[in-house]
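Notes for the one structure printed next.
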Amino acid sequence: MHIVILGGGPGGYSAAFEAARLGAQVTLIEQERLGGTCLNWGCIPTKTILRSAHIVADTRQAAEFGLNAAVASVDVPALRARKERVVDELVGQIESSAKRLKVSVVTGAGRLVAPHTVAVEMADGATQTIEGDVVILATGSAVFKLPNIDHEMEGVWTSDEAVSLSEIPKDLVIIGGGVIGLEFACAYAAFGSKVTVVELMEQVLPGNDRRVVKQTQSALEDMGVEFHLGDAVEKVERVDGRMHSTLRSGNVLDSEIVMSAVGRIPNSAGLGYPEAGIQMDRAAVKVDEYFRTNLEGVYAIGDLIGGMMLAHVAEEEGIIAARNAVAEFHSVGATPHLETVRYDCIPACVYTFPNVAVVGSSRDSAKESGMNAVQAVAKFAANGKALGEGESEGFVQMVAEKGTGRIIGCQIVGPHAVEIIHEIAVAMAHDITVKQLAETVHAHPTVSEVIKFAAIDAAGKCGL
């Protein structure tokens, strides 16, 4: 069995490695370096930059810990070099895994020319045609560019320029108060930039719980970030070497750099998908719950199919798609066992200071769907470790179904939120109730203790 995978990001290489482990011959096609957006221009470089930013922020608070220390200054070339070392190390690990698993990696621009055929334009201009029994499409997403802004203009950034670390601007206007915008606002504010965020909606992190939004915005405001909510940038001009952003409200923001951080769209343009007969939902490829397109033997995963545009989601989808493809190919007339992904148990994280991590539903969204939900909150201010480390800001908010006590969601704002949210995700995946969780979590005096307190409170509100 030969599986051809178009796209070498987290979804693509995860699918390739799982298929190889299952005994398939695998060809993985990637236009640039393995790792895709996540490893090369997204998650990994951003988190590396944020780690440096956190150290700078810590030095500003040294006096609170009884320490005399100068505020760390930013060495931009050294910061950029470290970021590139981290990226290179991880890309190298992916390349080594591909060799070990005997995955054939083809570097070039791939395009679907028939349901099971991909044409690859190589760097030298030659074209290689690759056919497979199964094709998995994993071409990810691209930066969405606002049509009213000239992204070629000097002084206009997207996340690609922001992670390149060419400079630390004196002042920076970020268009978009979602995950990308807030993470970069946090990093550049820590580095000393005067940051202003403009968000079209009336709140940052649109779609998130109100308590989460309020706490996160307040923390960023404490770092000096200013917000213009319910407003939009209608025009960006370069005047005398400075950027002038005219807002719908009439305000004009003056800055050295304007960064567009309004999200990403599925990367499907010019890749031959509609021409090959694949059904689309605007820019996204349509799939069923098993990641099958309408064409037999053709699957799609990751950002390309829309939904939760997160690297770890793409990885899970890639693994499941590979298993399903192998199972269907070898079923020989029998009904294969196919797997799906439980999206309600997959966390989403924002690496601001403090972290934000959410999984499942908020109480409001649960009630909107007709569920009788209760909510319990425990604050980090009552946790010894959080107080001792000077990270007492934030809370754990547990959401459960009244009566049964079934966990249906959790929102965490606070220290290590992105690392402890998995405790809730695992509990939800195994249908553990808040009462069982309260009896299971014995993590004192770590920050997980706050989860226990929230679970105890939720169990009481559920009548357990």
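The values are calculated or read from the model by the stated rules, or taken from the named source; none is laboratory data. This structure is a prediction, so every number in the text was calculated from the model and none was measured. Note that each Cβ is placed from the backbone with ideal geometry, even for glycine, and that neighbours are counted across all protein chains shown.
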Quiz item: Hey, K385 hits all of (1) crowded, with 18+ Cβ neighbours inside 10 Å; (2) out of contact with any Ser or Thr (no Cβ under 8 Å at 6 or more places or on another chain); (3) among the charged types (D, E, K, R) but one; which does it fall short on?
Solution: (2)
Quiz item: Can you name every residue in region 21-43 that is in contact with a Leu (Cβ under 6 Å, 6 or more places away or on another chain) and not in a strand (DSSP E or B)?
Solution: L39
Self-check item: Within region 67-81, considering residues that are exposed (fewer than 14 other Cβ atoms within 10 Å of the Cβ) and at pLDDT 95 or above, the one nearest to the chain's Cα centre (by Cα)
Solution: A81
Quiz item: Of all residues in region 360-380, which are in contact (Cβ under 8 Å) with a residue 12 or more places away in the chain and farther than 25 Å from V313 by Cα?
Solution: M371, N372, A373, V374, Q375, A376, V377, A378, K379, F380
Quiz item: Looking at region 242-274, which of its residues are surrounded by fewer than 15 Cβ atoms within 10 Å (Cβ to Cβ), free of Cβ contacts under 8 Å to residues at least 12 places away in the same chain and not hydrophobic (A, V, I, L, M, F, W, C)?
Solution: G250, P274
Quiz item: Is it true that some residue in region 104-115 is part of a loop (DSSP other than H, G, I, E, B) and either within 30 Å of V26 (Cα to Cα) or touching a Cys at 6+ places or on another chain (Cβ under 9 Å) (or both)?
Solution: yes
Quiz item: Does G297 satisfy the criteria of being over 22 Å from the mean Cα position of the chain (by Cα) and under 21 Å from H2 (Cα atoms)?
Solution: yes
Quiz prompt | G36 touching a Ser or Thr at 6+ places or on another chain (Cβ under 7 Å) and on the phi > 0 side of the Ramachandran plot | solution = no
Exercise. Among the numbered conditions (1) more than 23 Å from the chain's Cα centre (by Cα); (2) without any contact (Cβ under 8 Å) to a residue 12 or more places away in the chain; (3) not assigned by TED's automatic domain parsing to the domain that holds Q61, tell me where G192 comes up short.
Key: (2)
Quiz item: Could you say whether any residue in region 48-58 is among the polar types (S, T, N, Q), within 22 Å of P10 (Cα to Cα) and not in a helix (DSSP H, G or I)?
Solution: no
Practice problem: Among the candidates E221, E199, E275, single out the residue that is more than 24 Å from the chain's Cα centre (by Cα) and acidic (D, E). | Solution: E275
Quiz item: Which numbered condition trips up G8, out of (1) outside any helix (DSSP H, G or I); (2) more than 27 Å from R111 (Cα to Cα); (3) small (G, A, S)?
Solution: (2)
Practice problem: Give the number of residues within region 285-310 that are small (G, A, S), at pLDDT 95 or above and within 25 Å of C349 (Cβ to Cβ). | Solution: 3
Practice problem: Please give the helices (runs of 4 or more DSSP H) falling wholly within region 158-226 in which 3 or more residues are among the small types (G, A, S). | Solution: 159-164, 179-191
Quiz prompt | Positions within region 227-245 being charged (D, E, K, R) and either under 19 Å from G178 (Cβ atoms) or assigned to a strand (DSSP E or B) (or both), in sequence order | solution = D231, E234, K235, E237, R238, R242
Self-check item: Residues being surrounded by fewer than 23 Cβ atoms within 10 Å (Cβ to Cβ) and within 22 Å of P354 (Cβ to Cβ) - total across region 166-178
Solution: 1
Practice problem: For residues that are in contact with an Asp or Glu (Cβ under 8 Å, 6 or more places away or on another chain), surrounded by fewer than 23 Cβ atoms within 10 Å (Cβ to Cβ) and under 13 Å from N267 (Cβ atoms), tally how many sit in region 138-165. | Solution: 1
Quiz item: Between a first residue in region 28-46 that is more than 13 Å from S159 (Cβ to Cβ) and a second residue that is of a type in the set (A, V, I, L, M) and in a loop (DSSP other than H, G, I, E, B), which pairs have beta carbons less than 8 Å apart while being 6 or more apart in sequence or on different chains?
Solution: L28/L34; L28/V103
Quiz item: With respect to V396, is the statement that it is crowded, with 19+ Cβ neighbours inside 10 Å, at pLDDT below 90, of a type in the set (A, V, I, L, M) and not assigned by TED's automatic domain parsing to the domain that holds E221 true?
Solution: no
Exercise. Might you let me know whether region 293-313 holds any residue that is touching a residue at least 24 places away in the same chain (Cβ under 8 Å), touching a Cys at 6+ places or on another chain (Cβ under 8 Å) and in the same structural domain as Y13 (by TED's automatic domain parsing)?
Key: yes
Quiz prompt | Where D58 falls short, out of the listed (1) within 28 Å of A321 (Cβ to Cβ); (2) without any contact (Cβ under 8 Å) to a residue 40 or more places away in the chain | solution = (1)
Quiz item: If you go through region 227-240 one residue at a time, how many are without any contact (Cβ under 8 Å) to a residue 24 or more places away in the chain and at positive phi?
Solution: 1
Quiz item: Applying the selection to region 326-382, what residues are part of a helix (DSSP H, G or I), small (G, A, S) and over 26 Å from the mean Cα position of the chain (by Cα)?
Solution: A327, A381, A382
Quiz prompt | Qualifying positions in region 188-204 - surrounded by 22 or more Cβ atoms within 10 Å (Cβ to Cβ) and within 24 Å of V359 (Cα to Cα) | solution = E199, V204
